[in-house]
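Structure first, then comments.
The values are calculated or read from the model by the stated rules, or taken from the named source; none is laboratory data. It should be emphasised that the depicted structure is a prediction, and the values quoted were computed from it without experimental measurement. Because the Cβ atoms are built from the backbone with ideal geometry, glycine has one as well, and the counts that use them run over all protein chains shown. In case anyone asks, the SASA skips ligands and DNA or RNA and just uses the protein heavy atoms, side chains included. Shrake-Rupley method; radii C 1.70, N 1.55, O 1.52, S 1.80 Å.
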Amino acid sequence: MVQQRAFPKVVCVQEIQNWVRVEGDRLVFPGGGTSFPKGVKDYVDEIRRVVPLKSGNIRTALDVGCGDLLVGFEIIVKIRVASFGASLMDYNILTMSIAPMDIHEAQVQFALERGLPAMLGILSTYRLPYPSRSFDMAHCSRCLVPWTAYGTQYWNLELGVKSSCFLSMRCPNAPLSTQISQFQDHIILTIFFIKCLDGVYLMEIDRVLRPGGYWVVSGPPISWKSSYKGWERKAQDLEKEQISLEDLARRLCWKKIAERGPIAVWRKPTNHIHCIQKLKAWKSPHFCAETDPDAGWYKEMDPCITPLPKVTDIRSISGGALERWPKMLNTAPPRIRNGVTRGATVNTFNKDNQIWIKRVSYYGSVLKSLGAGKYRNIMDMNAGLGGFAAAISKQQVWVMNVVPFDAQNNTLGIVYERGLIGTYMNWCEAFSTYPRTYDLIHAHGVFSMYMGK
Ligand SMILES: C[S@@+](CC[C@H](N)C(=O)[O-])C[C@H]1O[C@@H](n2cnc3c(N)ncnc32)[C@H](O)[C@@H]1O
């Protein structure tokens, strides 16, 4: 599935850059491109020298800006979507690849058609739709996200149609500009509030990274000394960018553990004991106060560090240590053992697992094609503790575990602590994907939840 049926014209122009090649009647995606000139496998091998990809401690990864796919009339001009996540499968690492719908076209659709976990996602105004402490590793290769720059917040008032407002007055003295444009028969007045915050996107990465998690970056500004000409950028600008990135990472209390050629790697601390001391001296940034660290549905990003659960011993892992993969799948995770999730105990967790093993076995007897290798992309619309995904995990499938944002208990953190992936969602809205991207959709207790809404 990670391969596609071949269309030779696609390949002939791309052979030199090694993004795609024909093998029999299949297209194979070695990765390639400017970031991975020798292919994504060599790129991941390089990361493996620094990040213990094979240890079983790295199970969930986030790839921000997962791909290019620019389609011409006759040929595909660029094509390397979610190859990083595809390559990590060799290490039993499950990668959530995200990218917006932009000039790179239907990159997420293409990733899903390759059978890779992906969804539309962007670092913009709102938090990513995942709980805090979800990913063991986050990655950006040439994703061009302005990690250290100011973001833009705007209030978009559409005259003549239903208005939609995204207004925040947290920054009331910020410079303000307006724009009037016309779309079909209505006028749009947009007021931009330029945000007075910087580094907010990296703070969001910090929120979703696990204690001790890794942040892997390649592309500008890393390795600017050798690459600035190829990127057609000024060396001084890139140098300044890298200095600010290093400074911001230091202020998040991350430790830079390597810079090897085009790749730089930082590590988030396993707890905030030292960071609390450092931040007292630095004054900026500050720890976020009184916000739910796990809130991730239409929740605006804040320019602050999400505090890790408190510990008293410097050697402790905040929130509790996870088992290694695959043991973590069926062991009650810390969010249950610590009693922080309402309604979930070790006992209910174990019972839930037993129930889902029986149900999935029953599904298999009714739906004969389940287990016949016909399905790859599966969605569970109301995943609860992730029991369905765990029970089906022996098959060659991956499950997008969806936890409705207004579910009685927020269980998505538990799902991630089991080494599974998923997202928050409001089923009154469209899912952040493309049509026809899932092979099987599982719904348990969804419709009763939305009755009368
Ligand atoms: C030049 S491509 C790099 C693709 C791939 N990572 C690689 O190295 O070949 C940039 C990618 O970043 C994505 N991107 C740009 N801004 C983003 C943002 N704010 N949040 C998420 N993705 C973003 C683009 O949609 C695109 O997928």
Q. Considering only protein heavy atoms and a 1.4 Å probe, what is the carbon-and-sulfur percentage of the accessible area of region 327-450?
A. 54
Q) If only Cα atoms are counted, what is the Rg of region 327-450, and what is its Dmax, in Å? A) 14.1, 40
Q | Spin-label pair V346/E239, simplified geometry with 7 Å Cα→Cβ offset, distance in nm | A | 5.8
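Per residue, how much accessible surface does region 327-450 expose to a 1.4 Å probe? Answer in Å², no decimals.
About 47 Å² of surface per residue is accessible.
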Q. On average, how much accessible surface per residue is there in region 200-242, in Å², for a 1.4 Å probe, leaving out ligands, DNA and RNA?
A. 41
Q.
So if each residue of separation counts as 0.36 nm, and I subtract the Cα-Cα distance between A295 and Y450, what length gain in nm does that give?
A. 53.8 nm
Q) What lysines could a cross-link reach from K268, if we take a straight Cα to Cα line under 17 Å and drop same-chain neighbours fewer than 8 places away? A) K255, K256, K278, K310
**Q.** Integer Hz, Karplus 6.51/-1.76/1.60 couplings in order for region 113-125, x for Gly and Pro
**A.** 5, 7, x, 10, x, 7, 8, 5, x, 8, 8, 9, 9
Q) What residues qualify as long-range amide H neighbours of M400, i.e. H under 5 Å apart, gap of 5 or more or another chain, H built at 1.01 Å from N? A) I378, M379, D380
Q: Using the Karplus curve 6.51 cos²θ - 1.76 cosθ + 1.60 with θ = phi - 60°, work out ³J(HN,Hα) for each residue of region 249-256 in order, rounded to whole Hz, and write x for Gly and Pro.
A: 4, 5, 5, 7, 6, 7, 10, 6
